[in-house]
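The values are calculated or read from the model by the stated rules, or taken from the named source; none is laboratory data. Values in this document were obtained by computation on a predicted structure and should not be read as measured data. Here the Cβ is made from the backbone with ideal geometry for all residues, glycine too, and neighbour counts use every protein chain on show.
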Ligand SMILES: [Zn+2]
């Protein structure tokens, strides 16, 4: 029956590339797809400031939410990396107390703007055990991340895995496609449009999360997925070179 696809849009901020964002929202709406928006509560990352801040930003989000056109995730706090060496992260390696505080501050801002969510989306896909503890203490229940084929439960949180950054056909599984609309050009937009027109089955994040892998086959597929995926990517790179 083919894979089911969850769509997420990262880096939703008042200074994002709005024209492209709007084009994707309209495309999803036409195709009856409800994407997950990763909203940065208080963006301080200059790389995400592409246009002057939109004064109607929060109002626009609330309207989309009220219309049922989107779902929301909290995408970090300020989207600022605090690591000096290694891969960027806003959270990994920081003390638990600091992580709780940052997550809480972000949550307070979203609540003040009437954006309610218990879904977490880490900037740079980076978090550690302390982050998960902190999320639980602040009432989060879901995470958009992880290398697996089906949603799974870990430490009391439900993970909907995120594996691809462009439409990609797979015979089974639940695949989250991570879109950075700030950087999407016309060719990329059309590839998503064609993929949706091709009849690929899309589901919303919360629908995917509700079907946590409980079956033996799905759990086994998750165990086998990470090494198999690395191999496929390696073969893909070899084929491309
Ligand atoms: Zn991001």
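Data table
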quantity: Matching residues in the range 88-107 - criterion: being surrounded by fewer than 23 Cβ atoms within 10 Å (Cβ to Cβ), on the phi < 0 side of the Ramachandran plot, touching a residue at least 12 places away in the same chain (Cβ under 8 Å) and more than 12 Å from the ligand (Cβ to nearest atom); calculated: 92, 94, 95, 96, 100, 102, 104, 105, 107
quantity: Strands (runs of 3 or more DSSP E) within the range 109-163 that include 2 or more residues at positive phi and out of contact with any strand residue (DSSP E or B) (no Cβ under 7 Å at 6 or more places or on another chain); calculated: none
quantity: Sole residue being buried (at least 20 other Cβ atoms within 10 Å of the Cβ) and closer than 26 Å to residue 193 by Cβ, chosen from 32, 38; calculated: 38
quantity: Candidate set: the range 116-128, residues that are touching a residue at least 40 places away in the same chain (Cβ under 8 Å) and crowded, with 20+ Cβ neighbours inside 10 Å; chosen: the one farthest from residue 145 (Cα to Cα); calculated: 117
quantity: Meets criteria (under 24 Å from residue 73 (Cα atoms) and modelled with pLDDT under 75) for residue 226; calculated: no
quantity: Complete set of residues in the range 164-177 that are touching a strand residue (DSSP E or B) at 6+ places or on another chain (Cβ under 7 Å) and crowded, with 17+ Cβ neighbours inside 10 Å; calculated: 167, 174, 175, 176, 177
quantity: Of all residues making up the range 15-31, the number that are more than 16 Å from the ligand (Cβ to nearest atom), in contact (Cβ under 8 Å) with a residue 40 or more places away in the chain and closer than 23 Å to residue 117 by Cα; calculated: 3
quantity: All positions within the range 35-62 that are away from the ligand (no atom under 16 Å from the Cβ) and touching a strand residue (DSSP E or B) at 6+ places or on another chain (Cβ under 6 Å); calculated: none
quantity: Odd one out for residue 46, checked against (1) surrounded by 17 or more Cβ atoms within 10 Å (Cβ to Cβ); (2) at pLDDT below 95; calculated: (1)
quantity: First in the range 32-58 and under 30 Å from residue 200 (Cα atoms), second anywhere and modelled with pLDDT of 95 or more and surrounded by fewer than 18 Cβ atoms within 10 Å (Cβ to Cβ), Cβ under 6 Å, 6 or more apart; calculated: 34/204
quantity: Single residue of the range 63-87 satisfying the filter (within 16 Å of the ligand (Cβ to nearest atom) and surrounded by fewer than 15 Cβ atoms within 10 Å (Cβ to Cβ)) that is modelled with the highest pLDDT; calculated: 87
quantity: Selected residue (only one of 152, 142 is surrounded by 15 or more Cβ atoms within 10 Å (Cβ to Cβ), within 13 Å of the chain's Cα centre (by Cα) and over 16 Å from residue 201 (Cα atoms)); calculated: 142
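Quick grid of which residues meet (1) modelled with pLDDT of 90 or more; (2) away from the ligand (no atom under 16 Å from the Cβ); (3) touching a helix residue (DSSP H, G or I) at 6+ places or on another chain (Cβ under 9 Å):
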| site | (1), (2), (3) |
| --- | --- |
| 123 | yes, no, no |
| 136 | yes, yes, no |
| 150 | yes, yes, yes |
| 161 | yes, yes, yes |
| 167 | yes, yes, yes |
| 170 | no, yes, no |
| 173 | yes, yes, yes |
